[in-house]
Amino acid sequence: MRSRYTAFSRGDADHVFRTWHPRTRPSDLSLDDDVTWLGLTVLDTADGGPDDETGEVEFEARCTVAGRTETMHERSRFARRAGRWLYLDAL
């Protein structure tokens, strides 16, 4: 989760794409240059440990868009594939 937030904040679309599960990721991924990410707060986690195949992360990410500060609140699902955690979707 934190590496994906960092990738979004740095405009690293390749990392975002590589960490998105192929079953649910879009074929084309363009990041919005008008968004400035300000911070990430992880609120809750479920599963996602060394012996788990799935996990969830609830978070808030603050950003500015067109001069307005906004907060994105999401509970994301992840799945382990070939030993790597991949983003599936939001609940």
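FYI, it's all coordinate maths here, none of it is from the lab. In this text the structure is predicted, and so the values were computed from the model without any measurement. Note that we place each Cβ from the backbone using ideal geometry, even for glycine, and neighbour counts take in every protein chain shown.
Taking 0.36 nm per intervening residue step and subtracting the Cα-Cα distance, what contour gain separates residue 15 from residue 52 on full extension?
11.0 nm
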Taking 1 over the mean of 1/r across every pair of different Cα atoms in the stretch 2-90, what Kirkwood radius in Å do you get? 13.8
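Would you please name the GluC sites (Glu not before Pro) within the stretch 34-91 that are DSSP coil residues with at most 16 other C-beta atoms within 10 Å of their C-beta?
On the way: sites: 53, 56, 58, 60, 70, 74; in loops: 53.
Answer by residue number: 53.
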Full extension between residue 80 and residue 23 adds, at 0.36 nm per residue less the Cα distance, a length in nm of 19.2 nm
